[in-house]
Amino acid sequence: MKSSKYLIILSVLIVILIIPFMANAVEDDNRFYTNVKAGVYIPFDRQSNASYDTGISTEFSAGYHIFPSFTVEAGVGYFKTQITIDQSNADGSVDVSVIPLTLAAKWINNYERSSFYLGGGIGAYYEMIDGEVDMSSSGTFKFDDQVVDFGVHVLFGFLYNLSQNVQLGLEWRPMYIIDTEFESTNSFGTATLKPDLGGRLLSGVLSVRF
């Protein structure tokens, strides 16, 4: 829980620190760009009664250079994981797929042939679950549920200039998703699952400016 608090504080501080630079915007340097990202989702896996598999992740995002070293960026993505539950009174596995809609601000340190960036943002996460869990005292529960939760993330990345308008690089994104809860009902009653879907996204990035 402490790491989650630190992540929220860091995201807020990054946004606060880089907003003043907007006053130095140079209109001639404003540029749109798009990113295509593909990589892996690495869960925090902090729950002792469940294990989380590493899964695939993808994202498409579009951004705007307010000035050469500051951008705002919106994105839509996808990642998934399989959760295996092994408790004294419950066992089973479920697949969880997540579609994040995110908004971020990034500060960029530009060099002649490359750039480094860091940033922070917020997101809404559309989460879908599918699977079965056997509860020893109340039978089997089929989970087929969808919820929307909110979260924060930070960004660290590197881009190499293949040309004036095309860059290739890597991005590391720790994220924290707040209070996910899925429900299922059978003839014995209602069961809930509260997975910790926070984790890290490690992605290759193809960025095109126009």
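Computed from the coordinates by the stated procedures, all read-outs in this text should not be read as laboratory data. For clarity, every value in this text was computed on a predicted model and none was experimentally measured. Cβ placement follows ideal geometry from the backbone for every residue including glycine, while neighbour counts extend to all protein chains displayed.
Averaged over all directions, how much area does the convex hull of the C-alpha atoms of the stretch 2-209 cover when projected, in nm²?
Mean orientational projected area (the stretch 2-209, Cα hull): 11.7 nm².
Within 10 Å, count the other beta carbons around each residue, average over each peptide in 82-92, 59-69, and list them highest first.
59-69, 82-92
Of 161, 148, 121, which is farthest on the positive side of the dipole of the stretch 101-179, counting Cα position, with +1 on Lys and Arg Cβ, -1 on Asp and Glu Cβ, and the Cα centre as origin?
161
Which of the peptides 135-148, 163-176 is most tightly packed, and how do the rest follow, going by the mean number of other Cβ atoms within 10 Å of each residue?
Order by mean packing, descending: 163-176, 135-148.
Is there a quick way to get the dipole size of the chain? I mean about its Cα centre, with the Cβ of Lys and Arg at +1 and of Asp and Glu at -1; what is the value in debye to the nearest 20?
Around 840 debye, computed over the chain.
Lysine pairs in the chain with Cα distance under 24 Å, only those 8 or more apart or on different chains: how many are there?
So the count works out to 9.
Restricting to Cα atoms and excluding each atom paired with itself, what does the Kirkwood estimate give for the stretch 112-166 in Å?
Kirkwood radius, the stretch 112-166: 15.6 Å.
With n ≥ 4 as the cut-off for DSSP H runs, can you work out [θ] at 222 nm for the chain, using -39500 (n - 2.57) per run divided by the number of residues, rounded to the nearest 500?
Helices in the chain give a 222 nm mean residue ellipticity of -2500 deg cm²/dmol.
Could you give the dipole magnitude of the stretch 28-146 about its Cα centre, charging the beta-carbon of Lys and Arg +1 and that of Asp and Glu -1, in debye to the nearest 20?
It works out to roughly 540 debye.
May I ask for the distance between the Cα centers of the stretch 75-149 and the stretch 38-67, given as a whole number of Å?
7 Å
Taking only Cα atoms, what is the 0 to 90° angle, nearest 10, from helix 2-18's long axis to the longest principal axis of the chain?
Approximately 20 degrees, to the nearest 10.
Taking each pair of different alpha-carbon atoms in the stretch 77-184 once, compute 1/r for the pair, average those values, and report the inverse of that mean as the Kirkwood hydrodynamic radius in Å to one decimal.
Computed over Cα pairs of the stretch 77-184, the Kirkwood hydrodynamic radius comes out at 16.5 Å.
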